[in-house]
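Take a look at this one; I'll ask things after.
The values are calculated or read from the model by the stated rules, or taken from the named source; none is laboratory data. As the structure is a prediction and not an experimental result, all values here were calculated from the model. Note that we place each Cβ from the backbone using ideal geometry, even for glycine, and neighbour counts take in every protein chain shown. Areas reflect the complete protein model, heavy atoms only, side chains present, ligands, DNA and RNA absent. Shrake-Rupley method; radii C 1.70, N 1.55, O 1.52, S 1.80 Å.
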Amino acid sequence: STVSKTSLKSSLLQLECYFTWTLLKQDVDLNDLEEKINHQIEFLIKSKVRSYNLLSYVCHLNNSNEEALRNLQKAEEVVKKKHPDEIDRRSLVTWGNYAWIYYHMERYEEAQTYASKVEKSSKKLSSSPRWKDQLPEIYAEEGWALIKFGKKYYERAKTCFENALRNEPDNPEFNAGYAVTMYRLEYPFQTPSLSVKLLKRAIELDPENTSLVVLLALKLQDLKQTDEGERYIEEAMKTTPDLPHVLRYAAKFYRRKGELDKAVKFLKKALTVTPDSAILHHQLGLCYRSELIQLKRATKYPPQEQVDELLQLSIFHFKRAIEKKTNFFYSHMDLANMYAEGKRYEEAEEIFQKAFQINILSDDDKQQLYCCYGSFKHFHLKKESEAIENYIEGLKFKKDSYYLHKCKKALKMLLEERIWRGSRDATDFGRLGLVHKLNGEKHKAIKCYEQALALYPGNEDYLSALCELRVSI
């Protein structure tokens with residue numbers, strides 16, 4: 001009956017589980033995520049219940065509810081085996097997921113059974129209506145799920161782990177989650193670095209967790225403490241020499257250190273274990289690209305067949321990465337740039353257009369895309385006007401970043417050249433004025449806007465920019 005369906009829905013919304021944590025399908029590549037979770041289930045002993053729960057949610061998003069139920073059964077089996085004394089406490093999220101999946105399958109009786117089960121158990125486990133505060137592992141599970149859904153979710157994940165740690169400040173799992181989240185939120189070369197401190201603390205509490213050890217190593221490398229970083233890498237490689245993501249981070253460490261043979265060796269080893277990993281293919285592409293750069297730096301006229309071979313190898317792996325993970329933004333950028341480098345301009349153009357179609361780009365990504373596309377038009381195709389339009393788009397994302405500076409620098413160069421060649425286009429002067437304004441060069445900006453107005457009297461944009469600048473001086 002409808003009444004029970006309505007009241008059932010409202011009790012389902014009270015549950016704490018993947019279905020109530022606003023994890024949106026459009027923010028991830030579901031196939032890629034599914035593969036990552038399967039790797040985790042295969043290689044990590046610790047978080048199996050969590051992995052099965054997440055996998056069941058991903059199956060639901062992929063419209064296979066039967067498969068979703070099978071994964072929840074596996075989660076229950078792990079709890080029975082590992083935590084026979086805490087079945088209720090460890091199953092609240094799993095049961096919540098059951099309730100929602102049955103609801104979506106229109107099996108309302110079963111959905112109601114699980115919803116009641118959760119309600120009864122949480123009352124038993126906790127004296128207060130804010131029972132989540134007394135069951136911090138639910139906050140932690142939510143935090144881990146949020147991380148998996150990408151950048152947009154990191155701030156929320158941070159809050160979840162902070163909530164979990166309020167009750168159990170020494171819990172290794174919660175400290176690990178918090179450290180990983182802060183590592184991802186931090187700007188890579190940021191000093192002082194909070195995540196170094198948090199990673200060291202998490203490793204103290206759980207010395208076996210080599211995933212944390214390699215992250216710490218990379219962070220130390222960012223902060224120019226390469227020797228200390230390398231000691232951590234070696235330690236992790238001794239403890240877990242075959243874990244794909246430890247191999248991957250070790251490879252990244254050696255690639256950045258310039259030891260490319262070592263990096264390639266680790267990545268190939270990881271690929272024998274997880275041959276479909278998009279990230280591993282991308283990292284291999286980066287290694288071959290670095291080898292190409294090294295080769296070009298070392299000699300003025302590098303042998304053409306060597307250049308071609310490295311180009312081909314990096315293109316091959318970047319392409320594989322995109323085949324495995326269709327909205328892998330960085331691989332699109334790297335592939336397009338390698339095509340351009342090899343003068344395969346039509347293929348480069350096609351990849352740029354595909355990148356514009358990716359629906360989960362952050363503002364940082366969009367800024368990078370406009371900047372790289374602008375450079376492609378500018379340096380490879382010599383289409384100045386189109387390059388300028390793209391650089392201008394890149395400036396619209398106000399964030400002070402590497403790509404913002406790159407767009408400003410390229411624009412300044414192009415516009416000054418045009419004006420020097422005798423341009424009488426007000427737009428050129430107005431845009432150069434904007435660049436000076438963004439660089440804090442107010443007097444130069446005023447001069448440009450005045451010239452723009454002389455060429456296009458009465459233009460509102462130039463007038464208001466001028467007023468604003470004059471007031472601020």
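Treat each spin label as a single point 7 Å out from the Cα along the C-beta direction, and report the LYS238 to ARG421 distance in nm.
Between LYS238 and ARG421, the simple spin-label model gives 6.2 nm.
Angle between the Cα long axis of helix 460-472 and the longest principal axis of the chain, 0 to 90 degrees, nearest 10?
Once rounded, the angle reads 80 degrees.
Let me ask another. Under 1.5 on a/c is rounded, so check that first for segment 5-131, then, if it is not, pick prolate when a/b is larger than b/c and oblate when it is not; a ≥ b ≥ c are the square roots of the alpha carbon gyration tensor eigenvalues. Could you put the intermediate results ahead of the total?
Numbers: a/c = 1.82, a/b = 1.19, b/c = 1.52.
Note, shape of segment 5-131 comes out oblate.
Shifting gears a bit: Could you give each residue of segment 312-326 its phi-based ³J(HN,Hα) in whole Hz, using Karplus coefficients 6.51, -1.76, 1.60 with θ = phi - 60°, and x for Gly or Pro?
With coefficients 6.51, -1.76 and 1.60, one gets 4, 4, 5, 4, 4, 6, 5, 5, 4, 4, 6, 4, 6, 9, 5 Hz.
Also, quick follow-up: Where the convex hull is taken over the Cα atoms of the chain, what is its projected area averaged over directions, in nm²?
Its average projected convex-hull area is 29.0 nm².
What Kirkwood radius, in Å to one decimal, follows from the Cα pairs of segment 377-445?
The Cα-based Kirkwood calculation yields 12.2 Å.
Continuing with this model, one more query. If you find the alpha carbon centre of segment 394-473 and of segment 273-295, how far apart are they in angstrom?
That distance is 40 Å.
Grab the Cα-Cα distance for HIS104 and SER116, subtract it from 0.36 nm times how many residues apart they are, and report the gain in nm with one decimal.
Once the chain is fully extended between HIS104 and SER116, it gains 2.6 nm.
Still on this model: Is the shape of segment 224-286 rounded, prolate or oblate, going by the alpha carbon gyration tensor and its root eigenvalues a ≥ b ≥ c, with a/c under 1.5 for rounded and a/b larger than b/c for prolate?
On the way: a/c = 2.36, a/b = 1.37, b/c = 1.73.
Oblate is the answer for segment 224-286, as a/c is 1.5 or above yet b/c matches or exceeds a/b.
Give me the accessible area per residue for segment 241-359, probe 1.4 Å, as a whole number in Å².
49
Once a ≥ b ≥ c are taken as the square roots of the eigenvalues of the Cα gyration tensor of segment 103-255, is the result rounded (a/c under 1.5), prolate (a/b larger than b/c) or oblate (a/b not larger than b/c)? Display every interim value, and only then the final one.
Working: a/c = 2.47, a/b = 2.12, b/c = 1.17.
Prolate shape, in that a/c is at least 1.5 and a/b is the bigger ratio.
Let me ask something additional. Would you mind checking the tilt of helix 442-455 against the longest principal axis of the Cα atoms of the chain, expressed as 0 to 90 degrees and rounded to 10?
The angle comes out near 60 degrees.
Moving to a separate point now. For segment 123-187, count all C-alpha to C-alpha pairs, find those more than 19 Å apart, and express that count as a whole percent of the total.
Everything past 19 Å amounts to 30 percent.
Another one. Roughly speaking, what is the stretch gain from GLU346 to GLN14, that is 0.36 nm per residue apart minus the C-alpha to C-alpha distance, in nm to one decimal?
Stretched out fully, the GLU346 to GLN14 stretch lengthens by 114.2 nm.
Be a star and scan segment 394-437 for residues whose amide nitrogen sits under 19 Å from the point 7 Å along the Cα-to-Cβ vector of LYS151.
Those under the cut-off are 394-408.
Expressed in nm to one decimal, what extension gain is obtained for the pair LYS354 and LYS124 from 0.36 nm per residue of sequence separation less their Cα-Cα distance?
Taking LYS354 through LYS124 to full extension adds about 77.5 nm, to one decimal.
Using only C-alpha positions, report the orientation-averaged shadow area of the convex hull of segment 187-321, nm², one decimal. Could the numbers behind the result be given before it?
Working: hull surface 35.6 nm².
It is 8.9 nm².
From the protein chains alone at 1.4 Å, what is the descending order of accessible area for LYS124, LYS48, LYS82, largest first?
LYS124, LYS82, LYS48
Find out how many positive minus negative residues lie around VAL246, taking Lys and Arg as positive, Asp and Glu as negative, among other residues whose Cβ is under 13 Å from that of VAL246.
Residues close to VAL246 contribute a combined charge of 0.
Any idea of ARG107's accessible area? Nearest 10 Å², probe 1.4 Å.
Accessible area, nearest 10 Å²: 80 Å².
Which FRET efficiency value, to the nearest 0.05, do you get for LYS382 and LEU61 by plugging their Cβ-Cβ distance into 1/(1 + (r/R0)^6) with R0 = 45 Å? Numbers along the way, then the final one.
Values: r = 45 Å, r/R0 = 1.01.
Working from the Cβ atoms, E equals 0.50.
Please give the net charge around PRO84, taking every other residue with its beta carbon less than 14 angstrom from that of PRO84, where Lys and Arg add +1 and Asp and Glu add -1.
After counting each charged neighbour, the total is 0.
Right, another one. Ignoring ligands, DNA and RNA, please state the percent of accessible area on the chain from carbon and sulfur, probe 1.4 Å.
On the way: 12340 of 24030 Å².
Of all accessible area on the chain, carbon and sulfur atoms account for 51 percent.
Relative to the compact-globule scaling 2.2 N^0.38 Å, provide the ratio for the alpha-carbon radius of gyration of segment 241-359.
1.07
I would also like to ask the following. Please name whichever of TYR114, THR272, SER423 sits farthest to the positive end of the charge dipole of the chain, dipole taken about the Cα centre and charges placed at Cβ: Lys and Arg +1, Asp and Glu -1.
Toward the positive end, the furthest listed residue is SER423.
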